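Peer 1: Sending over a structure as structure tokens; questions will come in a sec.
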Amino acid sequence: PKVTISTPSKGAAAQIERAGNNFNVPRLELDRAFNDLNTVLTQARAVPHYENGVPAGYKLFQVMPDGFFGKLGLKDQDIICGIDGQPVNDPAKALELLGQLKTANHVELCVKRDGRSQNFAYDVR
């Protein structure tokens with residue numbers, strides 16, 4: 001089933017559309033998030049996640065369901081384990097990949113939820 005999530009906007013309506021783990025993200029919504037990064041970064045917390053003592057991504061908590069990350073299908077306790085096939089296992093790499101998202105047209109996240117890895121695909125239009 002396709003779900004449309006409306007977001008408050010100035011001017012043209014920006015909606016993130018979801019079909020399963022596939023999302024269509026308006027460029028306007030992404031630009032708005034990057035232009036107000038300080039606010040966006042308060043809408044979820046991420047802490048390093050380790051498996052067998054080895055860095056294995058970032059665990060999310062305090063995810064605001066109506067915030068940017070919630071609209072992207074992310075939930076409390078999700079572990080971001082990769083972006084576009086690249087492991088996210090250190091802060092420098094995470095920031096580098098976050099910066100690349102600003103101009104990307106397609107992004108895939110590896111998300112571990114309830115012990116199972118799944119891919120979330122985002123098409124920016």
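The values are calculated or read from the model by the stated rules, or taken from the named source; none is laboratory data. Model, not experiment: these values are computed from the prediction. Methodologically, a virtual Cβ is constructed for each residue, glycine included, from the backbone with ideal geometry; neighbour enumeration extends over all protein chains shown. Only protein heavy atoms, including side chains, enter the accessible area calculation; ligands, DNA and RNA are left aside. Shrake-Rupley method; radii C 1.70, N 1.55, O 1.52, S 1.80 Å.
Peer 1: Does Leu97 fit the bill of being within 23 Å of Asp31 (Cα to Cα), part of a loop (DSSP other than H, G, I, E, B) and open to solvent by less than 50 Å² (accessible area, probe 1.4 Å)?
Peer 2: Against the criterion (within 23 Å of Asp31 (Cα to Cα), part of a loop (DSSP other than H, G, I, E, B) and open to solvent by less than 50 Å² (accessible area, probe 1.4 Å)), Leu97 does not qualify.
Peer 1: Is it fair to say Lys2 is among the basic types (Lys, Arg), surrounded by fewer than 16 Cβ atoms within 10 Å (Cβ to Cβ) and modelled with pLDDT of 95 or more?
Peer 2: no
Peer 1: I've got another one for you. Which of the helices (runs of 4 or more DSSP H) contained wholly in the stretch 26-90 include at least 3 residues that are surrounded by fewer than 19 Cβ atoms within 10 Å (Cβ to Cβ) and among the charged types (D, E, K, R)?
Peer 2: In the stretch 26-90, 27-35 are the helices (runs of 4 or more DSSP H) which contain 3 or more residues that are surrounded by fewer than 19 Cβ atoms within 10 Å (Cβ to Cβ) and among the charged types (D, E, K, R).
Peer 1: Can you tell me which residue is nearest to Lys112 (Cα to Cα) among those in the stretch 16-73 that are aliphatic (A, V, I, L, M) and in contact (Cβ under 8 Å) with a residue 60 or more places away in the chain?
Peer 2: Once the filter is applied, the top-ranked residue is Val25.
Peer 1: Pick from the stretch 14-25 the residues that are in contact with a Ser or Thr (Cβ under 6 Å, 6 or more places away or on another chain) and open to solvent by 40 Å² or more (accessible area, probe 1.4 Å): which of them is farthest from Leu109 (Cα to Cα)?
Peer 2: The extreme case among them is Gln15.
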